[in-house]
Amino acid sequence: MSELTISPQGLAELCQSGTKVDLIDVRTPVEFREIHLDVARNVPLDQLDPTAVMQARGGSRDEPLYVICRSGSRGQKACEQFLKAGFTSVINIEGGTLACEQAGLPVVRGKKAISLERQVRIVAGFLVVLGAVLSRTVHADVIWLSAFIGAGLMFAGITDTCGMGMMLARMPWNQCSRDTTSCNLR
């Protein structure tokens, strides 16, 4: 079983033809609140339960489920989870929300936020600089902090899994309150 994909143009054609499109956005609630396709609902990747999503849809397990994230990577991970759970009619949107916005698909815009990717770069950069400064001013062994962060970034690049990103996604500033109507929390 391999992952299926569709281009933003293909998705637009489906929507324009009147075909029902069941689309989940697997980004964090704050990222979703900032911008999302008007037909998407938010199911964050760190809370994704493929069986629960399929049961909640009310449709046939053979009806396609479309998955989107910011640029395609988290969408691919979500599709892999669905495939592992035995659901084969799952389709990742190529290029994610960024590509769909560029292709002119209708989006809903909300409150701006710093993207998770930028947050990771900010925190990683800060920790590397902190390790370097403290190794010169406090103790030479603190340089291992910078080495640890560098190794983590290499691991993230090789595996496409970012532990720092997963931790930051759970921080309070990356969550929406339950009474915020612009976030679709489960």
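The values are calculated or read from the model by the stated rules, or taken from the named source; none is laboratory data. Bear in mind the structure is a predicted one, so any value in this text is a computation, not a measurement. Methodologically, a virtual Cβ is constructed for each residue, glycine included, from the backbone with ideal geometry; neighbour enumeration extends over all protein chains shown.
Within region 46-53, is even one residue surrounded by fewer than 19 Cβ atoms within 10 Å (Cβ to Cβ), in contact (Cβ under 8 Å) with a residue 60 or more places away in the chain and within 18 Å of Ile6 (Cα to Cα)? No; the residues of region 46-53 include none that is surrounded by fewer than 19 Cβ atoms within 10 Å (Cβ to Cβ), in contact (Cβ under 8 Å) with a residue 60 or more places away in the chain and within 18 Å of Ile6 (Cα to Cα). Scanning region 24-38 for residues that are touching a residue at least 60 places away in the same chain (Cβ under 8 Å) and either of a type outside the set (Asp, Glu) or part of a loop (DSSP other than H, G, I, E, B) (or both) turns up Arg27, Thr28, Pro29, Val30, Phe32, Arg33, Ile35, His36, Leu37, Asp38.
Exactly one residue among Val107, Val90, Val30 is β-branched (Val, Ile, Thr), modelled with pLDDT of 90 or more, surrounded by 18 or more Cβ atoms within 10 Å (Cβ to Cβ) and at negative phi, and that residue is Val90.
Here is the figure for region 1-22: residues that are in contact (Cβ under 8 Å) with a residue 60 or more places away in the chain and within 18 Å of the chain's Cα centre (by Cα) total 6.
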